[in-house]
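Just below is one structure, and these are the notes that go with it.
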Amino acid sequence: MGVLSFSAGTLGAFSLIALAFPFISLFTILWRSKDSLGHIAIFNAFISFIASFIVFCCVWNKEVIHLQTGWFTIGENVFTAGILLNNLSVLMMVLVSGISLLVHVYSLMYMKGDPGINKYWAYLGLFCFSMLGLVVSDSLLLIYIFWELVGFSSYLLIGFWFTRDAASQAAKKAFIINRIGDIGLLTGLMIMYAQFRTFDVVKLFGPMGLVDSASIIDGIWISPVSQMPVVWLSVAGFAFFIGAMAKSAQFPLHTWLPDAMEGPTSVSSLIHAATMVAAGVFLLGRVYPLFDSLVFNVIIIIGVLTAFLGATIALTQNDIKRILAYSTISQLGFMIAAMGIGAYGESIFHLATHAFFKCLLFLSAGAVIHQLHHYKEHHQLEFDHQDIRLMGGLGKKMPVTFISMCVAAAALAGLPLTGGYLSKDAVLITSFEWASGYHGFKKLVPYVLVLTSWLTAFYIARLIFKVFFGKLRYEGITEASSSMSRVLIVLAICSLFILVSFNPLSYEGSWILAGFTGSGVKPFEVFHSIVPIVVTIGSILMVLIGFRIYAKRDGRTFREKGFFYRFSNRAWYLNEAYNLMFVKPVERIAHYSYRFDKLIVDGVVNLAGAGMGVLSRVADWLDRYIVDGAVNGAAVLARHTGNFARQFQSGRLQHYLITMLTLVVGFFILTYFI
Amino acid sequence: MIPLSHFMFISAVLFCLGLYAVLTKRNAIQVLIGIEFMINAAILNFVAFGRFDKATGGGQMFALFTIVLAAAGVAVALAIILNVYKHFRTINPAKIDSLKD
Amino acid sequence: MSPEQILFYFFAALTLISAFLVVTMQNLVRSIFLFFVTIFSLAAMFVFALADFIAVTQVVIYVGGVLVLMLFAFMLSNRELLSGLQAVQTGFKMSHFAGLMISLGFLFLLYMAIASTDIVNLPWIKESQQISPGDNTVHQIGINTMTRYLLPFEVVSVFLLMALIGAAHLARKEKRS
């Protein structure tokens, strides 16, 4: 890594290149739909990845690069724009661009022949551009802009097949829920600006930054330039967290994510793995110094609740993509919870490993769906090609997909030798260490997380066994095309422990974790050996139970009528609850507003209208008979004058002569007499 | 010896008759004749004054030139009238009003 | 009243009456023939002004040239033209009245101008050398034409040629291209 060395300006240029090339892809929308456009988009993604990688190599664990320039000035206040390259942003950069490159390559085959393929590449480019911009921006204002762009481009991608009603509904849902988060972020932004008069992330949150140096005296939050009651500190923290909640699909704003499965699978993979949902965690990482203990408590509760909720819902889902979506929600809960307990580095670590194995899970599922879809079309069958109950035995026919999915599943379940094992252990162990210093509900946190992790192992095992084991239903189904398989293999290798640490059993050797400041929690050596063993054994047990139930199919299954089953399958009835709590009252308010509008507002308006009518009739009379009379009189006068004058222009020479001579003779006769 | 003023009165009356024809006649040839009257009135004046100009004979000389001009004018005017008739199918100057706006 | 004066006023009356008839007559052919009479009597009056050569020229050019030209033009052109010429509407019109008033006004002006000027006593008339009835005016005109008025004479000759060509060009039948 030390071989490469560039000046700060050059690295800034590289990061801008990484930003610019996906943006160029946006212009493919101008071309007509052609398959060759994909190569352009892949080239752009590749350049972006290379540039990001160079920047990563040069900045990781070295000095922070912060370049900025004046953007605009309002009155006395100068707003700056610039790029901030520290460990967090370069890691995110390489993650985003790498995943996006793989998704691009995968999409080439997956989306082949789609009529709107030019739009697809353009949206994908815009998405990557927005995410990379979000990651490298040094100003909260810029972050907000890119944040909105991420939301917007995800809206475009989720609703890519907008002719399907479900897809456009899902896109709308995602957009609206993200707007709630945007309001949170905007509120946070305004509080920060009111308090510190700057949007600069480094000045605000950097070491010895404004947030650190602000003090709280007698319930007043004092910064060098302003002061306000201390409650605003918590409000700002909540506001930023609401933004992160919406983007990272935390309870209760998580409902858009499962619906977002209506988009193409490659898009789901990109959203889940690296770009959109990571944005929330990233934002928490950026504004981390702002949070006070109250906000941290909320973050922990929400994170743990989301992790548990996601895992329980995923247990009973039958749509392959929905299972993965809820697993994402669950894993994001892990990350948010880790943020809450102060395990900042561990959270980012889990984000990085999760990016790979979740991307791999989605792309493998995509391969399965793709092949089944083609099989269905080829044999002209009618069945839901995303329903795992209708799959089975695909392992023998699709070995590459099977093996790579197994690796990803192992990583998700936290089985040894994978990256997921290391990062999940890091989170769990840190949570145990943290909990040992507290009493009350905080003691519960690590146990819930462990339970969630076991549940995770069970539902992912269920998925694997249902899809790849058992009786083969579809004879003649084939492996996915080689370009898709290659992407899967690359991702499978990345999901193994080797990418993040040389020691397969201990996370402490991981270079990613070394790049971030520690959690500051007092380490207990005892947890470092007990927790991994307990968790791993539990997970393996869960996998075995799953194997018994789903692969062997020895008749032992869960009752599908039970309350818990339905509770889980209906996603805790949250959609219904939201419908009852928000949609119905809004509709009722709208109805009353309509009535109010109809009766009272319209009545007033109509009355005013009638008054105006009378007034205008009077004005009309005045206009018609007085003003028009004068005008018409003038016009008539002009017309008669004109007609009189016209007679002289008869076109007859003799008339002209007569006129002329009349004047001459008249003139001379007059002079004679006068 | 006829007084000069008598010639002038006769030429004045002839001129006004020509003018009347030019202004009122509904036929281009009669208008032309009116013009000829006016020219002849002028010639008569030339000739009458020429009696008092023995040395240079200007009056009679220009009377001659004017007769020539009048003759040439008639020739050209008749050709024009024929063309006008071809074009408008009439030689009534009151009906030829293409100059109208 | 001497016979000279009687003849002069006779011809003057003939001129004016015939001219008046030419102007007022509706029949075109008759008015053209009456035009002869006017021209002839004018030529007679030129003689009383001691311009015998001019009188002869007047007769030759107008009677032998202009009138023949007019008549030939009418007679040789198609019947439609002639019938169109005949069918000119008659009757008194506002424009006739206007023309009459203008003409009378003009006559009034001319009369007042002539009457108010004492022409006989003008200095250049008094001092001038008058042509006497016995002079050979043709001789004088011939000398003047070739000396003093050579340039106008040449100009008029060129002008005449131009008029000839122009009239011939205008009157020719257009070729159907």
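Data for the structure
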read-out	value
Test result for A:Thr456, buried (at least 24 other Cβ atoms within 10 Å of the Cβ) and out of contact with any Ser or Thr (no Cβ under 6 Å at 6 or more places or on another chain)	yes
Where B:Asp97 falls short, out of the listed (1) charged (D, E, K, R); (2) part of a loop (DSSP other than H, G, I, E, B); (3) more than 14 Å from chain A (Cβ to nearest Cβ)	(3)
Every residue from the range C:148-177 that is facing chain B (nearest Cβ under 10 Å) and part of a loop (DSSP other than H, G, I, E, B)	C:Arg148, C:Tyr149, C:Arg172, C:Lys173, C:Glu174
Filter result for the condition that a residue is in contact with a helix residue (DSSP H, G or I) (Cβ under 7 Å, 6 or more places away or on another chain), assigned to a loop (DSSP other than H, G, I, E, B), closer than 22 Å to B:Phe7 by Cβ and away from chain A (no Cβ under 14 Å), over B:Phe62, B:Phe52	B:Phe52
Pair list, Cβ under 7 Å, 6 or more apart: the range A:168-193 residue free of Cβ contacts under 8 Å to residues at least 60 places away in the same chain, other residue part of a helix (DSSP H, G or I) and among the β-branched types (Val, Ile, Thr)	A:Ile191/A:Val235
Which listed residue, of A:Glu346, A:Glu382, is over 17 Å from the mean Cα position of the chain (by Cα) and either of a type in the set (Lys, Arg) or over 21 Å from A:Val427 (Cα atoms) (or both)	A:Glu382
Residue, surrounded by the fewest Cβ atoms within 10 Å (Cβ to Cβ), within the range C:16-44, restricted to residues that are within 7 Å of chain B (Cβ to nearest Cβ) and in contact (Cβ under 8 Å) with a residue 24 or more places away in the chain	C:Leu28
Residues of the range A:206-221 satisfying the condition of being assigned to a helix (DSSP H, G or I) and buried (at least 20 other Cβ atoms within 10 Å of the Cβ)	A:Leu210, A:Val211
Members of the range A:305-319 found to be of a type in the set (Val, Ile, Thr) and within 21 Å of the chain's Cα centre (by Cα), listed by number	A:Thr306
Inter-residue pairs, beta-carbon under 8 Å, first within 20 Å of A:Asn87 (Cβ to Cβ) and in the range A:12-30, second modelled with pLDDT of 80 or more and basic (Lys, Arg), 6+ apart	none
Whichever residue in the range B:54-64 is over 11 Å from C:Ile61 (Cβ atoms) and surrounded by 19 or more Cβ atoms within 10 Å (Cβ to Cβ) and, among such residues, is nearest to the chain's Cα centre (by Cα)	B:Ala63
Matching residues in the range A:533-546 - criterion: being under 16 Å from A:Leu315 (Cβ atoms) and either under 35 Å from the mean Cα position of the chain (by Cα) or modelled with pLDDT under 80 (or both)	A:Gly538, A:Ser539, A:Met542, A:Val543, A:Ile545, A:Gly546
Filter result for C:Gly84 (within 9 Å of chain B (Cβ to nearest Cβ) and either touching a helix residue (DSSP H, G or I) at 6+ places or on another chain (Cβ under 6 Å) or at pLDDT 90 or above (or both))	no
Test: residue in the range B:14-24 that is surrounded by 20 or more Cβ atoms within 10 Å (Cβ to Cβ), more than 14 Å from chain A (Cβ to nearest Cβ) and either within 27 Å of C:Leu107 (Cβ to Cβ) or not acidic (Asp, Glu) (or both)	yes
Output for the range C:1-15, where each listed residue is at pLDDT below 90 and more than 10 Å from every other protein chain (Cβ to nearest Cβ)	C:Met1, C:Pro3
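The values are calculated or read from the model by the stated rules, or taken from the named source; none is laboratory data. Remember, it's a predicted structure, so these values are computed and weren't measured experimentally. Virtual Cβ from ideal backbone geometry, glycine too; neighbours counted across all protein chains shown.
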